[in-house]
Amino acid sequence: MIAFVSGGARSGKSGVAETLVGDWQAARGGERHYLATARAGDDEMVARIARHRRERGEGWVTLEPPLAFAEALAALPPGGTVLLDCLTLWASRVMFEAGLAEDEGRAMLAGGLDEARRRGLALVVVSNDLNEDLPPRDPLVWRYLAFLQALHRDLAAEADRVIEVVAGRAIDWKGEER
Amino acid sequence: MQLFIGGARAGKRDLVAARFPDAAWHRLDEAGLEGRKARRTPHVPLVLTGWTGWLAHSLAAEPDDDRLRAGLAAALEALVEAERGSDAEVVLILPEMGRGIVPMDPADRRLRDLAGWLAQDAAARAEAVWYVRHGLARRL
């Protein structure tokens, strides 16, 4: 089972995703894993990571996976529920740290989704909606946005549930539970 | 008339191409709707894209926003009229660009305003409005 949760800055998307992970874990059993994409580069990031960790609460096994996060999933016991938060940051590291091309990044994400399916893991991926602003003029920013949107389209196509978050409320776009 | 609206690279074109496989596509850019009639083929849906380019070009030529909006609304009205006389759908693909920080550049602010007004005026005349997000569409 794969879910894609996205929204604007501080829209409450992590909270919605964590609730979904809790629901899935309650229904399926198994462990709860958190795949951290952030690396503490400055004091603001240290505080941000601490806040997210505090808000997630107890009961999470936190992993700092390599960019090819399929490798981390392959080492997890089957049946667990996994939260990847967030794809926006992962995408920027893929493009700017690793210097990978768009196709390579898309293949890496697809590999992670495949691995989750293969191992019977439930995976919830969180990302930011950044594409409803004026189109960026800076070619590098545009390239990043195009890459991120390609990932979002791939993920939305593959996911069983696609959820938009506004003010902490979930709007179902695909596979809603009624 | 049908309207598909969504952000940059939201997957609007792919969705429209899948739903209207036989459509003729026309990019407005600077020329706008000029010359479009010559291309109109009976029974063939017409997809109109490239509105951002046309808006940017139009706002450079017309300093008054109200006149500009009225001109765009008249162009939409003409499209609806032309569609009534034919048996083929007109499909508009419009950009959503109004959900960011207020731009520093006055021309960017005007562009964003005009895009929003155009979307409202198009939606008011459309039979169906689709909001496209990450390759998925929701009817508004």
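Throughout, read-outs are computed from the coordinates displayed, never taken from laboratory work. Worth saying up front: this structure is predicted, and the values here are computed from it rather than measured. FYI the Cβ positions are ideal-geometry reconstructions off the backbone, even for glycines, and counts take in every protein chain you see.
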Being over 22 Å from B:Pro21 (Cα atoms) and in a loop (DSSP other than H, G, I, E, B) is the filter here; which residues of region B:86-107 pass it? B:Glu96, B:Met97, B:Gly98, B:Arg99, B:Gly100, B:Ile101, B:Val102, B:Pro103, B:Met104, B:Asp105
Could you count how many residues in region A:131-152 are facing chain B (nearest Cβ under 7 Å) and closer than 19 Å to A:Ala17 by Cβ? 1
Select from region B:89-107 the residues that are among the charged types (D, E, K, R) and surrounded by fewer than 16 Cβ atoms within 10 Å (Cβ to Cβ) and write down the one among them that is nearest to the chain's Cα centre (by Cα). B:Arg99
Tell me which residues, restricted to region A:105-121, are within 15 Å of A:Ala72 (Cβ to Cβ) and in contact with a helix residue (DSSP H, G or I) (Cβ under 8 Å, 6 or more places away or on another chain). A:Met108, A:Leu109, A:Gly111, A:Gly112, A:Leu113, A:Asp114, A:Glu115, A:Ala116, A:Arg119, A:Leu121
If we only count helices (runs of 4 or more DSSP H) wholly inside region B:6-74, which ones have 3 or more residues that are small (Gly, Ala, Ser) and under 12 Å from the mean Cα position of the chain (by Cα)? none
Within region A:129-151, take every residue that is crowded, with 20+ Cβ neighbours inside 10 Å and touching a Leu at 6+ places or on another chain (Cβ under 8 Å) and give me the one that is farthest from B:Ala8 (Cα to Cα). A:Leu151
Contact list please: Cβ distance under 7 Å, first residue in region A:36-61 and closer than 16 Å to A:Ser14 by Cα, second residue part of a helix (DSSP H, G or I), pairs at least six apart or on different chains. A:Thr37/A:Leu89; A:Thr37/A:Trp90; A:Ala38/A:Met45; A:Ala38/A:Ile49; A:Ala38/A:Leu89; A:His52/A:Ser14; A:Arg56/A:Glu18
I'd like to check which strands (runs of 3 or more DSSP E) are fully inside region A:64-169 and have at least 1 residues that are more than 16 Å from the chain's Cα centre (by Cα). A:161-166
Going by the structure shown, is A:Leu109 in contact with a Leu (Cβ under 6 Å, 6 or more places away or on another chain), within 30 Å of B:Arg99 (Cα to Cα), within 14 Å of chain B (Cβ to nearest Cβ) and of a type outside the set (Gly, Ala, Ser)? yes
Filtered residue count, region B:59-86, keeping only those that are surrounded by 12 or more Cβ atoms within 10 Å (Cβ to Cβ) and basic (Lys, Arg): 1
Restricting attention to region A:116-128, the residues that are surrounded by fewer than 23 Cβ atoms within 10 Å (Cβ to Cβ) and either polar (S, T, N, Q) or within 8 Å of another protein chain (Cβ to nearest Cβ) (or both) number exactly 1
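Regarding region A:54-64, can at least one residue be identified that is of a type in the set (Val, Ile, Thr) and touching a helix residue (DSSP H, G or I) at 6+ places or on another chain (Cβ under 9 Å)?
Just the residues of region A:54-64 that are of a type in the set (Val, Ile, Thr), to begin with: A:61-62.
This time we only want the ones that are touching a helix residue (DSSP H, G or I) at 6+ places or on another chain (Cβ under 9 Å), so: A:62.
So far as region A:54-64 goes, yes, one or more of its residues are of a type in the set (Val, Ile, Thr) and touching a helix residue (DSSP H, G or I) at 6+ places or on another chain (Cβ under 9 Å).
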Based on what the data block shows, is B:Arg110 surrounded by 14 or more Cβ atoms within 10 Å (Cβ to Cβ), touching a helix residue (DSSP H, G or I) at 6+ places or on another chain (Cβ under 8 Å) and of a type in the set (Lys, Arg)? yes
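Looking at the structure I just gave you, is B:Arg9 within 26 Å of B:Gly135 (Cβ to Cβ) and among the basic types (Lys, Arg)? Steps first, answer last, please.
Working: within 26 Å of B:Gly135 (Cβ to Cβ): yes; among the basic types (Lys, Arg): yes.
Criteria met by B:Arg9.
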How about region B:89-140: which of its residues are of a type in the set (Lys, Arg), more than 13 Å from B:Thr52 (Cβ to Cβ) and facing another protein chain (nearest Cβ under 7 Å)? B:Arg99, B:Arg133, B:Arg138
